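Everything below concerns the one structure shown next.
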Amino acid sequence: MLLWYALNVGFNLLNKTIFGYFPFPWTVSAVHVVVGTVYCAAAYAVGAKKASFGRKITKDEFATLLGPASMHAVGHIAANLSFAAVAISLTHTIKTLEPAFNVALSQAILGTSTPLPVVATLLPIMGGVALASASDLSFNWTGFIGAMVSNLTFGFRAVWSKRAMASISNLDSTAIYAYTTLISTLICVPAALVMEGPALRAGVDKALQANPNFWYALGGLGLLYHLYNQFAFNTLSRVSPVSHGVCNVVKRIVIIGTSVVFFGTKMSTQAKVGTAVAIAGTWLYTEAVQRFKPAAKAA
């Protein structure tokens, strides 16, 4: 888990740095999954099947993975739209709401009820997010809506991926994420070409002027993205979607702190208080999840 966090922090800092001189979130999102797909294909080609696709899948298995993979692609684009528009600290503060989406979707899709004390701990998280969003100096609606859409779609991804892991035999979490990346590439690349294609040449020229090593930075960013998500999927295979959401929240606390220091982000007093309240809520949520086990839906 520590490696997952370290890779994620590195990704977030480099990602935001690149957006500073290459503000093309649709294209950057596509590059992330393209690099991941190339990585998996190369690993598979040299015989490292367990580190990539594992095995060929059937049409039915592809259909099972299509749902979570589509949510992964949409959520990834939405998150990058938010990262490009507002401070990292605000995006991740908003994304502390992800467990609330996971709770609702786990009930609706998996039939897993979350005890009331656990649900109650979501209230300070929601209140803290509202407080921070209302006063953050970088706030805009593109960043806020992007983060919220990411919360919803990643909630679907977590729950549907958990179900896929249970229904597809002889395909571990590494392979499931490899196919998720492949399907995401088929979605993200056309979307990027439609949304940003005409302006890409001029954008790349400016990026190269700002950073002659732009292509290396972008490629390294894609590798960081793939590896940290691979560790995230490996974690998901061992825990419930709700617990996975908790791990994500703790990760966001680390990212918020490092990004504020790294970028020298200025936060208003109200934004600091809101972020602190949301973080305190995540601690209460973690404690409640440990004490109260969710009740399975009766057959």
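Okay, here's what the table says:
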{"quantity": "Test result for Ala147, closer than 25 Å to Ala43 by Cβ, open to solvent by less than 40 Å² (accessible area, probe 1.4 Å) and either at pLDDT 95 or above or part of a helix (DSSP H, G or I) (or both)", "calculated": "no"}
{"quantity": "Pairs where the first residue, in segment 99-119, is free of Cβ contacts under 8 Å to residues at least 24 places away in the same chain and the second is part of a helix (DSSP H, G or I) and open to solvent by less than 50 Å² (accessible area, probe 1.4 Å), C-beta under 9 Å, 6+ apart", "calculated": "Ala108/Val159; Val119/Ala100; Val119/Val103; Val119/Ala288"}
{"quantity": "Residue match in segment 223-233 (condition: more than 12 Å from Tyr5 (Cβ to Cβ), at pLDDT 85 or above, out of contact with any Lys or Arg (no Cβ under 9 Å at 6 or more places or on another chain) and assigned to a loop (DSSP other than H, G, I, E, B))", "calculated": "no"}
{"quantity": "Selected residue [more than 20 Å from Lys251 (Cβ to Cβ) and of a type in the set (Gly, Ala, Ser)] from Ser106, Ser89, Ser135", "calculated": "Ser135"}
{"quantity": "Conditions (1) more than 25 Å from Leu137 (Cβ to Cβ); (2) assigned to a loop (DSSP other than H, G, I, E, B); (3) in contact (Cβ under 8 Å) with a residue 24 or more places away in the chain; number of the one not met by Tyr39", "calculated": "(2)"}
{"quantity": "Hits in segment 241-267 (condition: at pLDDT below 75 and open to solvent by 50 Å² or more (accessible area, probe 1.4 Å))", "calculated": "Val250"}
{"quantity": "Complete set of residues in segment 259-293 that are within 22 Å of the chain's Cα centre (by Cα) and among the basic types (Lys, Arg)", "calculated": "none"}
{"quantity": "Selected residue (only one of Leu90, Leu81, Leu105 is of a type outside the set (Gly, Ala, Ser), surrounded by 24 or more Cβ atoms within 10 Å (Cβ to Cβ) and assigned to a helix (DSSP H, G or I))", "calculated": "Leu90"}
{"quantity": "Failed condition for Ser161, given (1) of a type in the set (S, T, N, Q); (2) modelled with pLDDT of 85 or more; (3) open to solvent by less than 20 Å² (accessible area, probe 1.4 Å)", "calculated": "(2)"}
{"quantity": "Candidates Leu186, Leu200, Leu208 - the one that is within 23 Å of Glu61 (Cα to Cα), aliphatic (A, V, I, L, M) and surrounded by fewer than 18 Cβ atoms within 10 Å (Cβ to Cβ)", "calculated": "Leu186"}
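The values are calculated or read from the model by the stated rules, or taken from the named source; none is laboratory data. As the structure is a prediction and not an experimental result, all values here were calculated from the model. When we count neighbours, we look across all protein chains shown, and the Cβ atoms used for this are built from the backbone with ideal geometry, even at glycine. Ligands, DNA and RNA are excluded from the accessible area calculation, which covers all protein heavy atoms including side chains. Shrake-Rupley method; radii C 1.70, N 1.55, O 1.52, S 1.80 Å.
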